[in-house]
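S.K.: Before anything else, here's the structure in question.
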């Protein structure tokens, strides 16, 4: 699932192993088993430390749960519709002032 805008890696939320395991409601042992089996998103290395991007973990959860994918798609579509509506209202308010 692609995001409409891609953030710089520096701007993205990064989780260490304990945080990543907790975010997935797993023990570190279970997290490490999934990692060893290649079942989790790739980690990134920063200054010799291992991190997971929160967005990658979220995408992984969505990939594991197709019913959530539809919900996420609807949420994104609704957000776009609301943004368009707000822009429309803002433009009409500016015209009314002129």
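Here, each number is a calculation from the coordinates, and none is a lab measurement. Being a predicted model, the structure only gives us computed values, none of them experimental. Every residue, glycine among them, receives a Cβ derived from its backbone with ideal geometry; neighbour counts consider all protein chains shown.
S.K.: List the extent of the Cα atoms of the chain along each of their three principal axes, largest first, rounded to whole Å.
M.R.: Between the extreme Cα coordinates on each principal axis of the chain lie 63, 35, 19 Å.
S.K.: Sort 80, 97 by Cβ crowding within 10 Å, fewest neighbours at the top.
M.R.: On the way: 80 11, 97 6.
So the residues, fewest neighbours to most, are 97, 80.
S.K.: Here's a follow-up. In deg cm²/dmol and to the nearest 500, what is the mean residue ellipticity at 222 nm of the chain if only DSSP H runs of at least 4 residues count, each as -39500 (n - 2.57), divided by the residue total?
M.R.: Calculated mean residue ellipticity at 222 nm is -19500 deg cm²/dmol.
S.K.: Could you please state, rounded to a whole Å, how far the C-alpha centre of the stretch 68-94 is from the C-alpha centre of the stretch 1-66?
M.R.: Computed from Cα coordinates, the inter-centre distance equals 28 Å.
S.K.: Please state the shape class of the stretch 40-91: rounded when a/c is under 1.5, otherwise prolate if a/b exceeds b/c and oblate if not, all from the C-alpha gyration tensor.
M.R.: oblate
S.K.: Mind pulling the angle between the C-alpha long axis of helix 66-97 and the longest principal axis of the chain? Nearest 10 degrees, somewhere in 0 to 90.
M.R.: 30
S.K.: Want the number for residue 32 to residue 46: 0.36 nm per residue separation, take away the alpha-carbon distance, what's left?
M.R.: Stretched out fully, the residue 32 to residue 46 stretch lengthens by 3.1 nm.
S.K.: Okay, next question. Determine the gain in length on full extension of the stretch residue 96-residue 9; use 0.36 nm per residue of separation and subtract their C-alpha separation, reporting nm with one decimal.
M.R.: Details: separation 87, 0.36 × 87 = 31.32 nm, distance 4.21 nm.
Stretched fully, the residue 96-residue 9 segment lengthens by 27.1 nm.
S.K.: Given 0.36 nm per residue, what is the gain on full extension from residue 81 to residue 64 after removing their alpha carbon distance, in nm? Before the final figure, lay out each step's value.
M.R.: Working: separation 17, 0.36 × 17 = 6.12 nm, distance 2.70 nm.
Here the segment from residue 81 to residue 64 would lengthen by 3.4 nm.
S.K.: A further question on this structure: Using only Cα atoms, find the angle between the long axis of helix 54-64 and the longest principal axis of the chain, and express it within 0 to 90 degrees, rounded to the nearest 10.
M.R.: 80
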